[in-house]
Amino acid sequence: MRRRYNPRRPVRKTRPHRINREIRAIEVRLIDEEKNQLGIVPIRQAIETAEEKGLDLVEISPNANPPVCRLLDYGKYLYSIQKKAHEAQKLQKKIQVKEIKFTPVIGEHDIEVKLKKIREFLEEGNKVKITVWLRGRQKRKPDMLHTMTDKILEIIKGFAEIESMPKRERFSTHILIGRKKGGKDAETKDA
């Protein structure tokens, strides 16, 4: 049975750390606001020290023996943790897989345009999935698929690294490529 919402009943948020009177240990290893160790003290003395300084007693490492507690402003501490997590997420590079499709009867200029786009995707740090597929009457000549795949592989070897060899499905072939390892020098070494 689900409980009804009661506006008078306060909603209690769970915190990632135990603070002040929520700490259940008898003794704690106390660290002050300047990160200096004050030693192992009884919990009552640690709470009194925190109240005198106008700070919170926060249990940083509950699994240690005795638990490690620190004197700090808990609101500022949570804000700094949140800010660090946000900065770390901002620095992460998300790699996407872009797809480019080819058919065996594509013109030379169209191949050049698509290869230029593939280079742009690779320079951005993305991976590219190249699909060569047969349409309509081309399906009667599967050797066209093999020929086009070989042609594309030959062109791509100059500026990209093949991460998965061509996988043939009924009327299509898929190739996953990525940026060549080693930066700008990798292109000149192989050439």
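The values are calculated or read from the model by the stated rules, or taken from the named source; none is laboratory data. All of these numbers come straight from a predicted model, not from anything done at the bench. Neighbour counts run over all protein chains shown; Cβ positions are idealised from the backbone, glycine included.
Would you check if Arg21 is in contact (Cβ under 8 Å) with a residue 12 or more places away in the chain and of a type in the set (Lys, Arg)?
Yes; evaluated as a whole, the condition is true for this residue.
Which residue pairs have Cβ atoms under 6 Å apart, sit 6 or more places apart or on different chains, and have a first residue in the stretch 30-43 that is in the same structural domain as Ile60 (by TED's automatic domain parsing) and assigned to a strand (DSSP E or B) and a second that is among the acidic types (Asp, Glu) and at pLDDT 85 or above?
Hits for this filter: Leu38/Asp32; Ile40/Glu27; Pro42/Glu27.
Looking at the stretch 140-155, which of the residues that are among the basic types (Lys, Arg) and assigned to a helix (DSSP H, G or I) is nearest to Ile118 (Cα to Cα)?
In this case the residue turns out to be Lys151.
Is it the case that the stretch 171-186 has a residue that's modelled with pLDDT under 80 and of a type in the set (Asp, Glu)?
yes
Starting from the stretch 52-75, take each residue that is without any contact (Cβ under 8 Å) to a residue 40 or more places away in the chain and of a type in the set (Asp, Glu) and list its partners that are surrounded by 15 or more Cβ atoms within 10 Å (Cβ to Cβ) and assigned to a strand (DSSP E or B), counting only C-beta distances under 8 angstrom and pairs at least six apart or across chains.
Listed pairs, sorted by first residue: Asp56/Ile19; Asp56/Leu71; Asp56/Leu72; Asp73/Asp56.
Please work out if Lys83 is on the phi > 0 side of the Ramachandran plot and of a type in the set (D, E, K, R).
no
Scan the stretch 146-156 and give yes if some residue there is surrounded by 11 or more Cβ atoms within 10 Å (Cβ to Cβ) and within 22 Å of the chain's Cα centre (by Cα), otherwise no.
Checked against the condition, which is being surrounded by 11 or more Cβ atoms within 10 Å (Cβ to Cβ) and within 22 Å of the chain's Cα centre (by Cα), the stretch 146-156 yields no hits at all.
Please determine, by comparing only the residues of the stretch 72-125 that are assigned to a strand (DSSP E or B) and among the hydrophobic types (A, V, I, L, M, F, W, C), which one is nearest to Thr149 (Cα to Cα).
Phe102
Checking the structure you have, find out if any residue of the stretch 53-66 is among the basic types (Lys, Arg) and surrounded by 10 or more Cβ atoms within 10 Å (Cβ to Cβ).
Within the stretch 53-66, one or more residues are among the basic types (Lys, Arg) and surrounded by 10 or more Cβ atoms within 10 Å (Cβ to Cβ).
Answer with yes or no whether Leu91 is surrounded by fewer than 14 Cβ atoms within 10 Å (Cβ to Cβ), out of contact with any strand residue (DSSP E or B) (no Cβ under 9 Å at 6 or more places or on another chain) and more than 30 Å from Arg140 (Cα to Cα).
It is true that Leu91 is surrounded by fewer than 14 Cβ atoms within 10 Å (Cβ to Cβ), out of contact with any strand residue (DSSP E or B) (no Cβ under 9 Å at 6 or more places or on another chain) and more than 30 Å from Arg140 (Cα to Cα).
Working only within the stretch 167-181, note down all residues that are in a strand (DSSP E or B), in contact (Cβ under 8 Å) with a residue 12 or more places away in the chain, over 14 Å from Ile100 (Cβ atoms) and more than 21 Å from the chain's Cα centre (by Cα).
Passing the criteria: only Arg168.
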